[in-house]
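Engineer: Let me give you the structure first, and then I'll get to my questions.
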Amino acid sequence: MIRFENVTKRYPDGTTAVHELSLEVARGELVTLVGPSGCGKTTTMKMVNRLIEPTSGRILLDGEDISAVDPVELRRRIGYVIQQVGLFPHKTVLDNTATVPYLLGWSKTERRKRAAELLDLVGLDPSRYGDRYPDQLSGGQRQRVGVARALAADPPVLLMDEPFGAVDPVVREHLQNEFLKLQSTLHKTVLFVTHDIEEAVRLGDRIAVYGDGRIEQFDPPTKVLGAPATPYVADFVGADRGLKRLSVTAIERGDLEEPPVVHLDDPLDKARARMRSEGARWAVVLDDADELHGWLGADALGTDAGTAADTGAEPDTTAAAKAAGESAPPTVADHARRMEAWLPLGSPLKQAFSSMLQHDAGWIAVLDDADRFVGVLTPGRLHEALRRSIDADERDVRREEVELETVSDA
Ligand SMILES: Nc1ncnc2c1ncn2[C@@H]1O[C@H](COP(=O)(O)OP(=O)(O)OP(=O)(O)O)[C@@H](O)[C@H]1O
Ligand SMILES: [Mg+2]
């Protein structure tokens, strides 16, 4: 969809901002361009909508050489979120959002309608924020308006230059999540610039790591983290890349433990017998709709069994039944504890980890698409999953090396 062929940009003062760049972004793909300040990211981006002309090489959009396309017509097909947002301070939020429809000559009613839809889409209530001016918004809200404005003419291609750069990490993470959700329905072809490797890893289908106008590595996030192509990339990605991997490694079935599963209305002694026979210290408890309710711990077993052992007597079921209100023997429901920490299969390990911390839990239940319980992720299993993902990449790299050697031997 966007294809750079040996593109070089040299500024009149002799600075080579981009050097022999070749890169292709597929239709519907989100490529993040990451690198330190001054490495040529903005220059690369501006060449796509012809705000800057390359010194040599060419750029194709949908197979068409853009140097032959009228810049104004070209920009209609490309939404652009500029670095530092760049809203017009003297225009309202609604008018800012409607900039491109205005340039395209839409009627005032159409413009306002479209702008309101887009503000809704990025999570800003148009009736509340539409008539405000940019300086009456928070930083995060301004960035949302920037995104809404870029989407206004529904362009197939989006260029986003550090669109979430000017906000604190919490707001940033929130905006990133919203944008990912939006992208999963819009499927735009996106070139996304950032200097934050964390953001690049989180958003990108593939990451182009830039060093001084050249691509050092162009690969999916797991590969960039797991197998940095050069010492420069390894350094840029950082020593804590194990941690970053958590956000790109998904929970798989094979990562899960399968503790005994009991139901709320099961008789307690039957549940205990199961747990004892499986040597389990706890069981997962589901309700009658098979949804997660919580867990039945070893302490419920221990206390009751302990009482019986201490007195040297068989458990007095008659007394227990009396205590429970005559007839009914105790059920799992009487001893189960609530626990609502769960995640869908395929969630990133990082989410499992933060969920464990948030719920102060030693495990997280994992559900499938239909919300059925499939197993639990424990800290031990989380660690194994991380190892699995690192080993898999190292294997990939070794295989590629072997293939290369075979090719050069032949
Ligand atoms: N108009 C210009 N004339 C001369 N040099 C320029 C011009 N614009 C940019 N440069 C230089 O080109 C290089 C790349 O700049 P660019 O703006 O593309 O970097 P960047 O990767 O976007 O950086 P940042 O992360 O700081 O936004 C820098 O060394 C910059 O000083
Ligand atoms: Mg820049």
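The values are calculated or read from the model by the stated rules, or taken from the named source; none is laboratory data. What you are looking at is a predicted structure, and each value in this text was computed from that prediction instead of being measured. Counting neighbours? That spans all protein chains shown, and the Cβs are built from the backbone with ideal geometry, glycine included. Surface accessibility is based on the protein's heavy atoms, side chains included, excluding ligands, DNA and RNA. Shrake-Rupley method; radii C 1.70, N 1.55, O 1.52, S 1.80 Å.
Engineer: What residue, of Val262, Val237, is open to solvent by less than 10 Å² (accessible area, probe 1.4 Å) and closer than 27 Å to Val48 by Cβ?
Structural biologist: Among Val262, Val237, only Val237 is open to solvent by less than 10 Å² (accessible area, probe 1.4 Å) and closer than 27 Å to Val48 by Cβ.
Engineer: If a residue has to be aromatic (Phe, Trp, Tyr) and part of a loop (DSSP other than H, G, I, E, B) to count, how many in segment 333-375 make the cut?
Structural biologist: 1
Engineer: Turning to a different aspect of this structure: Of the numbered conditions (1) farther than 28 Å from Val237 by Cα; (2) aromatic (Phe, Trp, Tyr); (3) touching a residue at least 24 places away in the same chain (Cβ under 8 Å), Phe4 satisfies every one except a single condition; which is it?
Structural biologist: Of the numbered conditions (1) farther than 28 Å from Val237 by Cα; (2) aromatic (Phe, Trp, Tyr); (3) touching a residue at least 24 places away in the same chain (Cβ under 8 Å), the odd one out for Phe4 is (1).
Engineer: Something else: Give, as residue ranges, the strands (runs of 3 or more DSSP E) completely inside segment 131-229 that count at least 2 residues that are in contact with a Pro (Cβ under 9 Å, 6 or more places away or on another chain) and within 30 Å of Trp106 (Cα to Cα).
Structural biologist: Output list reads 189-194.
Engineer: Let me spell it out: the conditions are (1) touching a helix residue (DSSP H, G or I) at 6+ places or on another chain (Cβ under 7 Å); (2) within 16 Å of ligand 2 (Cβ to nearest atom), and Met45 meets all of them except one. Which number is the exception?
Structural biologist: It is condition (1) that Met45 fails.
Engineer: Among the residues of segment 356-368 satisfying the criterion of being farther than 17 Å from Ala283 by Cα and modelled with pLDDT under 85, which is surrounded by the fewest Cβ atoms within 10 Å (Cβ to Cβ)?
Structural biologist: Asp360
Here is a yes/no grid of residues against (1) within 16 Å of ligand 2 (Cβ to nearest atom); (2) closer than 14 Å to Thr189 by Cα:
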| residue | (1), (2) |
| --- | --- |
| Ser22 | no, no |
| Val25 | no, yes |
| Ser37 | yes, no |
| Ser56 | no, no |
| Leu60 | no, yes |
| Glu73 | no, no |
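Engineer: Among the residues that make up segment 170-187, is at least one of them of a type outside the set (Asp, Glu), in contact with a Gly (Cβ under 7 Å, 6 or more places away or on another chain) and within 16 Å of ligand 1 (Cβ to nearest atom)?
Structural biologist: So far as segment 170-187 goes, no, none of its residues is of a type outside the set (Asp, Glu), in contact with a Gly (Cβ under 7 Å, 6 or more places away or on another chain) and within 16 Å of ligand 1 (Cβ to nearest atom).
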